[in-house]
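What follows is a short report on a single structure.
The values are calculated or read from the model by the stated rules, or taken from the named source; none is laboratory data. Please read all numbers here as calculations on a predicted model, not as lab measurements. Here the Cβ is made from the backbone with ideal geometry for all residues, glycine too, and neighbour counts use every protein chain on show. All accessible areas refer to the heavy atoms of the entire protein, side chains included, with ligands and DNA or RNA removed. Shrake-Rupley method; radii C 1.70, N 1.55, O 1.52, S 1.80 Å.
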Amino acid sequence: AQKVTQAQTEISVVEKEDVTLDCVYETRDTTYYLFWYKQPPSGELVFLIRRNSFDEQNEISGRYSWNFQKSTSSFNFTITASQVVDSAVYFCALIGGAFNKFYFGSGTKLNVKP
Amino acid sequence: SAVISQKPSRDICQRGTSLTIQCQVDSQVTMMFWYRQQPGQSLTLIATANQGSEATYESGFVIDKFPISRPNLTFSTLTVSNLSPEDSSIYLCSVEKLTGNTEAFFGQGTRLTVV
């Protein structure tokens, strides 16, 4: 079975603080893909990153960085020097299984206060 | 990449009526997916729509309530029938491209309010 757990329901930080959003996944597949999406109040899903199961390299994109560790089945997302515009709900997701369906975590709502 | 156009972006409907949501992709894709996101919740897969066959529904979703059409490889519709306030949600379509690396793309979403 596939499962994605985002234990943090809501996080509040003050602008310029660093914040890490946790994501733990479960899958029996050897090939799978992990994603992070941002959902601002407008509702659309904004793609942030995709990582396949064979690539454990961490990635940095501007203020965003991702830490993928297969040993702990985690794919955590860090925002450095957070900004008010980062306020949104962030979803971690997994594609795996026979039919390539998305399995979404419950989301983490990030509030960045000025 | 794939560009998805989803319409309408939002609607307010009377209970008992139906709403049809359209999803147009700028390239041919095999599988299209429809998701529901209830207020404050995560995304839940409703069904997988393949061209030329009936949609495959997830547990808790039935064809009578959520009929889906997939007439070709670039287009799909989802109808939410016999609306009730509990159907108020965001509905999103999604496509995946399985070429080398799996990529997934989402429409802008349809925000439905049932009154």
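Residues in segment A:49-67 that are crowded, with 16+ Cβ neighbours inside 10 Å and within 14 Å of chain B (Cβ to nearest Cβ): A:ILE49, A:ARG50, A:ARG51, A:SER53. When B:VAL95 is tested against the conditions (1) within 15 Å of the chain's Cα centre (by Cα); (2) touching a residue at least 12 places away in the same chain (Cβ under 8 Å); (3) not in a strand (DSSP E or B), the lone failure is (3). Among the residues of segment B:50-75, the ones that are within 14 Å of chain A (Cβ to nearest Cβ) and part of a loop (DSSP other than H, G, I, E, B) come to 5 in all. Here B:SER27 fits the description: closer than 25 Å to A:GLN39 by Cα, part of a loop (DSSP other than H, G, I, E, B) and in contact (Cβ under 8 Å) with a residue 24 or more places away in the chain. The condition of being in contact with a Pro (Cβ under 7 Å, 6 or more places away or on another chain) and not aromatic (Phe, Trp, Tyr) does not hold for A:GLU10.
Taken together, the residues in segment A:59-81 that are assigned to a loop (DSSP other than H, G, I, E, B) and more than 13 Å from the chain's Cα centre (by Cα) amount to 4. Taken together, the residues in segment A:21-46 that are surrounded by 15 or more Cβ atoms within 10 Å (Cβ to Cβ) and in a strand (DSSP E or B) amount to 10. Taking the criterion of being charged (D, E, K, R), open to solvent by 60 Å² or more (accessible area, probe 1.4 Å) and within 11 Å of chain B (Cβ to nearest Cβ), would at least one residue in segment A:88-110 satisfy it? Checked against the condition, which is being charged (D, E, K, R), open to solvent by 60 Å² or more (accessible area, probe 1.4 Å) and within 11 Å of chain B (Cβ to nearest Cβ), segment A:88-110 yields at least one hit. I want to confirm something. Restricting to segment B:18-43 and keeping residues that are more than 11 Å from the chain's Cα centre (by Cα) and crowded, with 16+ Cβ neighbours inside 10 Å, which single residue is modelled with the highest pLDDT? The selected residue is B:LEU19.
If the condition is being part of a strand (DSSP E or B) and in contact with a Cys (Cβ under 8 Å, 6 or more places away or on another chain), then segment B:76-90 contributes B:SER76, B:THR77, B:LEU78.
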